[in-house]
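Below is one structure; the comments refer to it alone.
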Amino acid sequence: MSYVYYNNGNEYQTRTLMSETEGAILASAVSGAILSPLTYVGKPFTNQLKKEEPNNHLYKDCFQKALNISELDKKGVKIIPAQFLDAASNEYAKGTNACFIPNTKEVLINTDKISIAGFHELGHALNALKSKYGVKYLAKMRAPGYAIAGLMEYFAIFSRKKPKDAPRSITDIIEDNCGKIAFTAMLPIVAEEAIASIRGIKLARASGVAEPLIKNMKKLYAKALMTYGGRAILGGLAVYASRKVMDYFTRPRLVENK
């Protein structure tokens, strides 16, 4: 059911519950369609990571050496060989991913398969433990960044109860700019990933990794960065599109005077 009311001398008609429901369904569909390429954005990285497995022995010893060269071991950082974990349900044990865990100061990685990725994780450790305030701040922005981006998806599907010429609250401003906020919230994560890669490559070179392998590493890390950049761009676009759909279906409609 809808009704007519007046605001700033204009006549408006509110939208029905059916219209709001249609908007929410379409907004979800549009968002899903925009985010669907994320499945393919990470493929170049995972494909090259797999190709590098036969060369793992050329990285493995240098990876352990890099921990000592960086003096991260003196900060309590440890390399945890993930291959000894239950591989049935663990991406780290399978060798398809690696991570640095700040709380425990552990690099979780399958050292029998993807030592090439370990230098990047040591870069994360350097960012968190041996950096000045700016980079340390970036290192702490991962969880808040994902949380804010996720919150903007929630704001995007709010029904718009006010006409465009109504006074705007803080909530209205956030809703109007939720796509931009979602994208911006991911930028510190992308920046920190880039810095971790740069530091990881420097460590690899210092630990004795051969230049042809450094070249492969640069390509791998660039492809990894593309996945984060893709998530930021597609995530922001998905939120923006959802907001536009909900705006069309739920904002009170101006009644044209005849």
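For the reader, a short list of remarks on this structure follows.
- Wholly within the range 9-57, helices (runs of 4 or more DSSP H) carrying at least 1 residues that are surrounded by fewer than 14 Cβ atoms within 10 Å (Cβ to Cβ), out of contact with any Phe, Trp or Tyr (no Cβ under 6 Å at 6 or more places or on another chain) and among the hydrophobic types (A, V, I, L, M, F, W, C): 17-35
- The criterion of being in contact (Cβ under 8 Å) with a residue 12 or more places away in the chain, in contact with a Phe, Trp or Tyr (Cβ under 9 Å, 6 or more places away or on another chain), assigned to a helix (DSSP H, G or I) and acidic (Asp, Glu) does not hold for GLU153.
- Candidate set from the range 210-258 (those that are touching a Ser or Thr at 6+ places or on another chain (Cβ under 8 Å) and polar (S, T, N, Q)); member that is farthest from ALA156 (Cα to Cα): THR250
- Any chance HIS124 is surrounded by 22 or more Cβ atoms within 10 Å (Cβ to Cβ), in contact with a strand residue (DSSP E or B) (Cβ under 6 Å, 6 or more places away or on another chain), in a helix (DSSP H, G or I) and not aliphatic (A, V, I, L, M): yes
- Residues within the range 216-256 that are of a type in the set (A, V, I, L, M, F, W, C) and outside any helix (DSSP H, G or I), tallied: 2
- Condition met for LYS132 (in contact with a Gly (Cβ under 7 Å, 6 or more places away or on another chain) and either at pLDDT below 90 or surrounded by fewer than 22 Cβ atoms within 10 Å (Cβ to Cβ) (or both)): no
- Looking only at residues of the range 89-107 that are part of a strand (DSSP E or B) and buried (at least 22 other Cβ atoms within 10 Å of the Cβ), we find that the one that is farthest from the chain's Cα centre (by Cα) is VAL107.
- Checking each residue in the range 58-76 for being in a helix (DSSP H, G or I) and either acidic (Asp, Glu) or at positive phi (or both) picks out ASP61, ASP73.
- Matching residues, the range 239-258, being buried (at least 17 other Cβ atoms within 10 Å of the Cβ) and over 12 Å from MET186 (Cβ atoms): TYR240, ALA241, SER242, ARG243, VAL245, MET246, ASP247, PHE249, THR250, ARG251, PRO252
- Among the criteria (1) more than 19 Å from the chain's Cα centre (by Cα); (2) within 30 Å of TYR12 (Cβ to Cβ), the one TYR240 does not fulfil is (1).
- Per the listing ILE201, ILE214, the residue uniquely in contact (Cβ under 8 Å) with a residue 12 or more places away in the chain, over 22 Å from the mean Cα position of the chain (by Cα) and within 12 Å of ILE116 (Cβ to Cβ) is ILE214.
- Selection from the range 10-60 of residues that are free of Cβ contacts under 8 Å to residues at least 12 places away in the same chain and either in contact with a strand residue (DSSP E or B) (Cβ under 6 Å, 6 or more places away or on another chain) or among the aliphatic types (A, V, I, L, M) (or both): MET18, ILE25, ALA29, ALA33
- In the set GLU211, GLU192, GLU175, only one residue is surrounded by 18 or more Cβ atoms within 10 Å (Cβ to Cβ) and over 28 Å from LYS75 (Cβ atoms); that residue is GLU175.
- Every listed requirement among (1) more than 30 Å from ALA196 (Cβ to Cβ); (2) at pLDDT 90 or above; (3) not charged (D, E, K, R) is met by ILE157 save one, (2).
- Test: residue in the range 77-88 that is over 24 Å from THR184 (Cβ atoms), touching a residue at least 24 places away in the same chain (Cβ under 8 Å) and in a loop (DSSP other than H, G, I, E, B): yes
- With respect to the conditions (1) among the hydroxyl-bearing types (Ser, Thr, Tyr); (2) part of a helix (DSSP H, G or I); (3) touching a residue at least 40 places away in the same chain (Cβ under 8 Å), THR171 falls short on a single one, namely (3).
The values are calculated or read from the model by the stated rules, or taken from the named source; none is laboratory data. Given the structure is predicted, the values throughout are model-derived calculations rather than measurements. Reconstructed Cβ throughout: ideal geometry from the backbone, glycine too, with neighbour counts over all protein chains shown.
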